[in-house]
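Taking it in order: structure first as structure tokens, then the write-up.
The values are calculated or read from the model by the stated rules, or taken from the named source; none is laboratory data. Here the structure is a predicted model, which is why all the values come from computation and not from measurement. No Cβ is skipped: glycine too gets one built from the backbone with ideal geometry, and neighbour counts run over all protein chains shown.
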Amino acid sequence: MANFQDYPLLALRGRVVFPDTSVSFDVGRMISLAAVKAATEGDSKLFVCAQKESEKDEIGDDDVYTVGTVIKLKQIAKLPGSSLRLTAEGLFRAVARQVRRENGTFIATVEELKPVHGDPALEEAYFRTSKEIVKDIGATDGRISKEGITALEKCSSAEEFVNMTGHYMQLRTEQKQELLECRITVERLKKLDKILNDELELLRLERKINASVRQSIDKNQKEYYLREQLKAIHKELGDDAQECDELEEKIKSRKMSEEAENKALKELSRMKGMQTSSPDYNVLRTYIDWMLDIPWTESTDDTEELSEAVRVLNADHYGLEKIKERITEYFAVLKRTGGMNAPILCFVGPPGVGKTSIASSIAGSLKRKFVRMSFGGVKDEAEVRGHRKTYVGAMPGRIISGMKKAGSINPVFLLDEVDKISSDLRGDPAGALLEVLDPAQNSAFVDRYIEVAYDLSKVLFITTANSLDTIPAPLKDRMEIIELTGYTPEEKREIAKRYLVPKRSEANGLKEGEFTISDKAVDMIIDGFTMEAGVRGLERQIDAVCRKAAVKLSSSEQKSVAVDENNLYEILGSPRFDREGAALKCDEVGAATGLAWTAVGGTTLTIEVSTMHGKGDILLTGKLGDVMKESARTAISYIRSNSESYGIDSALFENTDIHIHVPEGATPKDGPSAGITMATAILSAFTQKPVKKSIAMTGEITLRGKVLPIGGLKEKALAAYRIGIHDVIIPAENKKDLEEIPESVKGSINFIPVTDVAAVFKQAIIGI
């Protein structure tokens, strides 16, 4: 009669336990921990069996093999978390006749699986044969530990030998389970004999491969030996290196330059001889992928109709006539010649005037791909030239990366904010751009990563900058400078009507007919809520109005919102800027209004001078730069040398301190255009005669009283126009620059050209 016994069931992933062996394994699943607990509460015995699918976490009674081994727990150790490490001894094989679930674990009713013996002589013959094979395997391969070999040699019975061999040999789970389930001892030995012979045949095959390789190569050539060994393995396995062949075909079909193709094929050849697990293999594979992804011959067709290109530019941007004219010239020459080296354009102007957006429109008008790269704050030369591929995490520079992104050899490539590039110990990015932006050199640009010449001559490079002062002279020399000046209020109104209002309305979900804003309201936003050369601040304010309109439409039954001069302040609040407050309130002594150029556009500059009893000291405040300090000292020297002409006692300078102050002291100020303004304020302070409030001025002074020309006249004129100045004194040599000033500004401002400072004093100071 069968002898049945109940044991807690423990399922193991990818492991088979044999009798007559000591085992150690970890358990962590709740159902497994419950089985261990149940065993420890009894006789510490468990029925362990292999799980059919090791990936499964949640198992049922059909997910485990029915034949397993009853084990005796010897030691239990706690691991971090809730896991346990068990040490146990295999007792006997058993078959589960019934499996049920109790208290969160499986309970198996098992019957011992006793061996069935046959012919003793046949068993002994198979036993001896298997032992000899195991000895051969252990001596040559190292797949059985020394401990295992010793244990197998001591085996006195066939059953024990099969169990021990299954334990120590590196066999598949299915093979081990097959050995465990077989009841007839002779059959178990036959199965083991077949498994061992298969392993021995694999060993012989490996030795054959090694022998064939050693015969064909020099033993001292280690690298070559390893490559030949890998080839021999591929040959035996029938592996034709399909992936490498495909890569080779791709390289040859990409129409690279001869240099690039040879380089790629050379690196592919190196890669073929490496194991896929090698770090160098991945480096070379990434390199080849980059070489395949970079465009070598792919290009886009330019716009055929010149009128269409001009139409796109006009539709996207209002004004900017200089740029449109230059691009139109490029179109025309390109159409007539069929090809030309692309120019290197540099758009210089204050923020918000459309430098970046016009570059995108140029790409659209040409029907070329557009790539934008911001160079603001870039300090590492490798950002341009890339890293050598041997470095960890190496990749090409921004130029080659941009070409990959574009997917064509003739994109419009925008290098934004090149005036904000700096340098440190990692090199000079501006120096690296010299090769990129030189039409005579960029046909053979070499990135450190790809290590071969790459043709950039078809790329239309456009750079942007707020100021030319910080751009190195060699880099500046390679670019065609196109200056973008600020907009007049009339131009801002048109830009708002044509572009900003429709754009922000759509962005805020306002449908056609739901939102309108009057021209007067737009003018009020320009005058009271912005103080800028561009339209970026104007766009933000219009966006704020659109958001308020969206709230009203969503929270009420209103069908539309109309914004005009009557309700604008209700929406945006009180005006942020006072135009009149930016100029002198009245004719004042010791104060004059100057005009200055900044990277964000033109601005007005009030210069104040105070005299007081002292020792003839000069005090300069307002965070002035070296150039402005020199202008102040020059102006004082001119006034002192010509004091008698203006009725000033020369001895007065010996006991009078002069304090020159430029308000907004936290803002750095510098530049050669404030000389005549300082001289005017100083003379007014010493003569106690007021300066006209309605006049502003710009120009540098010499010791002889000559007025020198200045730059940025258009921006300065716009700044005067914004605050309502009607008279502006300018150097006579700047009369030619008046052509660039919009007619609306010239109609509102009286420009007064002067050659010497005496004429300035006559125009600006009352009573001189």
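Values computed for the structure shown
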| read-out | value |
| --- | --- |
| Region 222-274 - residue that is polar (S, T, N, Q) and surrounded by 15 or more Cβ atoms within 10 Å (Cβ to Cβ) and, of those, modelled with the highest pLDDT | Ser257 |
| Scan of region 6-43 for residues that are hydroxyl-bearing (Ser, Thr, Tyr) and more than 19 Å from Ala96 (Cβ to Cβ), ordered by number | Thr21, Ser22, Ser24, Thr40 |
| Residues of region 525-542 satisfying the condition of being among the acidic types (Asp, Glu) and in a loop (DSSP other than H, G, I, E, B) | Glu532 |
| Residue that is in the same structural domain as Ala88 (by TED's automatic domain parsing) and touching a helix residue (DSSP H, G or I) at 6+ places or on another chain (Cβ under 8 Å), where the choices are Val67, Val36, Val48 | Val67 |
| Enumeration of residues in region 510-529 that are among the hydroxyl-bearing types (Ser, Thr, Tyr) and surrounded by 23 or more Cβ atoms within 10 Å (Cβ to Cβ) | none |
| Strands (runs of 3 or more DSSP E) lying entirely in region 588-632 (those with 2 or more residues that are exposed (fewer than 14 other Cβ atoms within 10 Å of the Cβ)) | 601-613, 618-621 |
| Checking Ile195 against (1) more than 56 Å from the chain's Cα centre (by Cα); (2) of a type outside the set (Lys, Arg); (3) closer than 22 Å to Val116 by Cα; (4) buried (at least 19 other Cβ atoms within 10 Å of the Cβ), the condition it does not meet | (1) |
| Condition broken by Ile107, with the remaining ones in (1) assigned by TED's automatic domain parsing to the domain that holds Phe18; (2) under 22 Å from Leu196 (Cβ atoms) satisfied | (2) |
| Hits in region 181-196 - residues which are under 21 Å from Cys49 (Cα atoms), in contact (Cβ under 8 Å) with a residue 24 or more places away in the chain and out of contact with any strand residue (DSSP E or B) (no Cβ under 6 Å at 6 or more places or on another chain) | Thr185, Arg188, Leu192 |
| Residue match in region 728-739 (condition: part of a helix (DSSP H, G or I), more than 22 Å from Ser467 (Cβ to Cβ), in contact (Cβ under 8 Å) with a residue 24 or more places away in the chain and in contact with a helix residue (DSSP H, G or I) (Cβ under 7 Å, 6 or more places away or on another chain)) | yes |
| Matching entry among Arg326, Arg336 (being modelled with pLDDT under 85 and over 24 Å from Leu484 (Cα atoms)) | Arg336 |
| Selection status of Gly393, out of contact with any Leu (no Cβ under 7 Å at 6 or more places or on another chain), free of Cβ contacts under 8 Å to residues at least 24 places away in the same chain and surrounded by fewer than 23 Cβ atoms within 10 Å (Cβ to Cβ) | yes |
| Single match in Gly747, Gly724 (criterion: outside any helix (DSSP H, G or I) and in the same structural domain as Gly590 (by TED's automatic domain parsing)) | Gly724 |
| Candidate set from region 174-183 (those that are more than 57 Å from the chain's Cα centre (by Cα) and assigned to a helix (DSSP H, G or I)); member that is nearest to Thr66 (Cα to Cα) | Glu181 |
| Some residue of region 676-698 being closer than 30 Å to Lys322 by Cα and of a type in the set (D, E, K, R) | no |
| Region 275-313 - residue that is among the small types (Gly, Ala, Ser) and in a helix (DSSP H, G or I) and, of those, modelled with the lowest pLDDT | Ala309 |
| Condition met for Ile358 (crowded, with 17+ Cβ neighbours inside 10 Å, assigned to a helix (DSSP H, G or I), assigned by TED's automatic domain parsing to the domain that holds Ile462 and at pLDDT 85 or above) | no |
| Members of region 369-380 that are modelled with pLDDT of 80 or more and not β-branched (Val, Ile, Thr) | Lys369, Phe370, Arg372, Met373, Ser374, Phe375 |
| Residue in region 696-717 that is in contact with a His (Cβ under 7 Å, 6 or more places away or on another chain) and either modelled with pLDDT under 90 or of a type in the set (Gly, Ala, Ser) (or both) present | no |
| Unmet requirement for Gly90, which otherwise passes all of (1) touching a Ser or Thr at 6+ places or on another chain (Cβ under 7 Å); (2) within 20 Å of Leu152 (Cα to Cα); (3) without any contact (Cβ under 8 Å) to a residue 24 or more places away in the chain | (3) |
